[in-house]
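The values are calculated or read from the model by the stated rules, or taken from the named source; none is laboratory data. All values reported here derive from a predicted model rather than from experimental measurement. For neighbour counting, all protein chains shown are included, and Cβ atoms are generated from backbone atoms with ideal geometry for every residue, glycine included.
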Amino acid sequence: MTLAPDEDLMLQVRDGAGEMLGVLFDRYQGPLFNFYSKLTGDRTLSEDLVQEVFLRILKYRQSYRPGTPFRAWVYQIARNARIDHFRKFPRERAFDPDMLPPVRPTDSAQEHQEVELLHRALLQLPEDKREILLLCRFQELKYEEIAELLGCELNTVRTRIHRALQELRKSFHQLTQGPAPKSASAAASENLPPRGGRHEV
Amino acid sequence: MKCEQIGELLPDYLQGSLSPDQHRTVNAHLEQCADCSEEVAVWRKLSLLPVEQPSPRSRVRFEAMLQAYQTGRSNQPPSNSRWRKLFSPWNVLGWLSSPLGAAAWSAALLAIGVFAGFHTVSPPKPPSPSPELAQVEAELANTKQLVVLSMLQQQSASSRLEGVNFTTREEQLNPQVLSALLHTLRYDPSVDVRLAALDALGRHSAQPQVRSSVVNALQEQQSPLVQVALIDQLVEWHDREAKSRLEKLRQSQDLNPSVRQHADWAISKLN
């Protein structure tokens with residue numbers, strides 16, 4: 001039963017089986033929390049926003065229509081919840097890149113440092129660029145779903161992803177090596193192919 | 001191929017959705033271009049970012065919220081108010097087939113006809129609307145208002161919800177619709193409809209009547225979910241006068257603990 005598709009569970013929630021929301025909570029609280037925490041850099045706020053998303057699911061459950069992909073629907077709610085929060089409390093928007101969440105130690109010290117710098121570079125991006133990267137890289141949303149979410153064309157999504165990635169690369173590059181041309185650091189992680197190597201996806 | 005052209009293909013390359021030919025083209029470019037290949041490397045490296053875990057408190061909060069919601073839905077306040085009784089035999093079809101409904105719709109259709117006539121025959125002249133046009137518009141508004149009032153009286157919660165949503169299309173609320181909404185906020189048996197009414201009323205905070213009703217509802221509502229929504233609304237309005245009422249609320253002995261916690265948060269926000 002726990003393997004029921006999200007959409008079936010949501011239809012049950014809509015029809016009054018509120019307890020089924022618990023299963024959806026277990027599936028989505030992690031991804032949503034990571035979406036918010038990587039976007040805002042604030043764990044406490046992220047937990048509050050996750051709660052708000054599930055409250056809104058209950059409040060607006062009647063508006064869920066069969067056939068709507070639940071993941072896309074829930075991220076629409078998540079975006080709105082964040083936008084509304086910052087509209088209500090604009091002062092809390094200030095973000096200090098030095099207040100990074102702790103990075104877990106990994107096997108390699110160099111990799112650890114790189115991950116930390118990449119995280120910093122991500123947090124330095126303008127919010128819209130950071131958001132689109134998070135949506136496609138971590139939240140498993142299809143480009144079509146992102147286009148609908150952001151209210152733009154599919155090609156615009158592709159362009160925006162590419163621009164965001166370009167900026168992230170520049171920012172990461174500056175943090176790792178300063179503005180000078182690159183070195184072999186891109187090949188530092190064993191999870192990555194050496195630069196210029198093959199990139200099978 | 002130039003970086004710009006590759007850039008157009010890169011997002012699909014990263015998702016593995018290019019054709020084999022295009023995939024080979026991109027691979028060939030990446031072997032020569034340090035910047036583009038570094039972009040791909042950065043994309044892959046993103047997967048190394050730590051997955052953060054929410055605190056266990058998060059699940060507890062969710063359980064409390066869900067329980068509050070379920071309790072709120074089963075605790076239905078009495079719905080046999082005078083106002084409701086007055087209109088209760090109404091339903092959309094019954095109302096439309098009644099002489100009053102038929103007359104209202106005839107008037108509406110006539111009004112729409114005349115209104116359309118005015119707009120097709122002559123271009124609109126905004127500086128000096130004719131008295132006839134003003135009258136037609138007033139009749140249209142009146143009909144719309146009757147429909148909303150009727151919807152708010154329906155037996156089915158979803159129809160009442162629709163009625164509430166209907167009111168959000170208007171920038172200015174007619175006093176009768178406003179008072180119907182305030183009534184819905186206080187007495188509607190469905191938690192969802194009361195929450196929607198609160199959302200709708202939130203847009204009309206300039207009306208002093210709205211603010212005072214929301215503050216008063218704080219003491220009357222038993223559903224924790226509605227209480228939390230009311231508290232949020234007062235915080236959003238930065239309603240400092242609400243502070244004393246919130247303090248009184250948090251003293252209530254049978255108050256849901258999550259609501260008390262929320263009231264404490266609100267008091268700190270209003271300070």
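Numerical summary
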| quantity | calculated |
| --- | --- |
| Count of the stretch B:165-194 residues which are more than 18 Å from residue B:209 (Cα to Cα) and not charged (D, E, K, R) | 6 |
| Check on residue A:175, within 11 Å of chain B (Cβ to nearest Cβ) and free of Cβ contacts under 8 Å to residues at least 60 places away in the same chain | no |
| Within the stretch B:25-73, considering residues that are within 7 Å of chain A (Cβ to nearest Cβ) and among the small types (Gly, Ala, Ser), the one surrounded by the most Cβ atoms within 10 Å (Cβ to Cβ) | B:41 |
| Matching residues, the stretch B:7-24, being crowded, with 18+ Cβ neighbours inside 10 Å and closer than 13 Å to residue A:159 by Cβ | B:7, B:9, B:10, B:11, B:12 |
| Positions within the stretch A:51-67 being outside any helix (DSSP H, G or I) and either among the charged types (D, E, K, R) or more than 10 Å from chain B (Cβ to nearest Cβ) (or both), in sequence order | A:64, A:65, A:66, A:67 |
| Residue under evaluation residue A:85, criteria (1) surrounded by fewer than 19 Cβ atoms within 10 Å (Cβ to Cβ); (2) at the interface with chain B (Cβ under 9 Å from one of its Cβ atoms); (3) of a type outside the set (A, V, I, L, M, F, W, C), criterion not met | (2) |
| Helices (runs of 4 or more DSSP H) enclosed by the stretch B:184-271 - at least 1 residues per element that are within 14 Å of another protein chain (Cβ to nearest Cβ) and closer than 24 Å to residue B:152 by Cα | B:191-202, B:224-236 |
| Which numbered condition residue B:54 misses (of (1) assigned to a helix (DSSP H, G or I); (2) touching a Ser or Thr at 6+ places or on another chain (Cβ under 9 Å)) | (1) |
| Options B:204, B:183; residue that is modelled with pLDDT of 80 or more, touching a Phe, Trp or Tyr at 6+ places or on another chain (Cβ under 7 Å), on the phi < 0 side of the Ramachandran plot and surrounded by fewer than 20 Cβ atoms within 10 Å (Cβ to Cβ) | B:183 |
| So residue B:229, is it over 28 Å from residue B:63 (Cα atoms) and aliphatic (A, V, I, L, M) | no |
| Complete set of residues in the stretch A:14-36 that are surrounded by fewer than 21 Cβ atoms within 10 Å (Cβ to Cβ) and in contact with a helix residue (DSSP H, G or I) (Cβ under 6 Å, 6 or more places away or on another chain) | A:14, A:18, A:20, A:23, A:24, A:29 |
| Long-range neighbours under 7 Å by Cβ, at least six apart or interchain, first residue among the hydroxyl-bearing types (Ser, Thr, Tyr) within the stretch B:244-262, second part of a helix (DSSP H, G or I) | B:258/B:64; B:258/B:65; B:258/B:68; B:258/B:224 |
| Subset of the stretch A:51-73 [surrounded by 19 or more Cβ atoms within 10 Å (Cβ to Cβ) and in contact (Cβ under 8 Å) with a residue 60 or more places away in the chain] | A:70, A:73 |
| Some residue of the stretch B:199-220 being over 23 Å from residue A:85 (Cα atoms) and of a type in the set (Val, Ile, Thr) | no |
| Residue B:66 within 24 Å of residue B:181 (Cβ to Cβ), among the hydrophobic types (A, V, I, L, M, F, W, C), at pLDDT below 90 and part of a helix (DSSP H, G or I) | no |
| Residue, farthest from the other protein chains (Cβ to nearest Cβ), within the stretch A:148-163, restricted to residues that are within 18 Å of residue B:13 (Cβ to Cβ) and of a type in the set (A, V, I, L, M, F, W, C) | A:154 |
| Contacts under 6 angstrom Cβ, first residue in the stretch B:127-153 being hydrophobic (A, V, I, L, M, F, W, C), partner at pLDDT below 70 and surrounded by 13 or more Cβ atoms within 10 Å (Cβ to Cβ), 6 or more apart | B:133/B:118; B:136/B:111; B:136/B:114; B:136/B:115; B:140/B:111; B:146/B:104 |
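Condition check ((1) buried (at least 17 other Cβ atoms within 10 Å of the Cβ); (2) modelled with pLDDT under 90) across all residues:
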residue	(1), (2)
A:122	yes, no
A:126	no, no
A:133	yes, no
A:143	yes, no
A:146	yes, no
A:151	no, yes
A:165	yes, no
A:169	yes, no
A:180	no, yes
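A quick yes/no check of all residues on (1) in contact (Cβ under 8 Å) with a residue 60 or more places away in the chain; (2) at the interface with another protein chain (Cβ under 9 Å from one of its Cβ atoms); (3) under 28 Å from residue A:132 (Cα atoms):
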{"residue": "A:13", "(1), (2), (3)": "no, no, no"}
{"residue": "A:17", "(1), (2), (3)": "no, no, no"}
{"residue": "A:20", "(1), (2), (3)": "no, no, no"}
{"residue": "A:24", "(1), (2), (3)": "no, no, yes"}
{"residue": "A:29", "(1), (2), (3)": "no, yes, yes"}
{"residue": "A:34", "(1), (2), (3)": "yes, yes, yes"}
{"residue": "A:37", "(1), (2), (3)": "yes, yes, yes"}
{"residue": "A:45", "(1), (2), (3)": "no, no, yes"}
{"residue": "A:49", "(1), (2), (3)": "no, no, yes"}
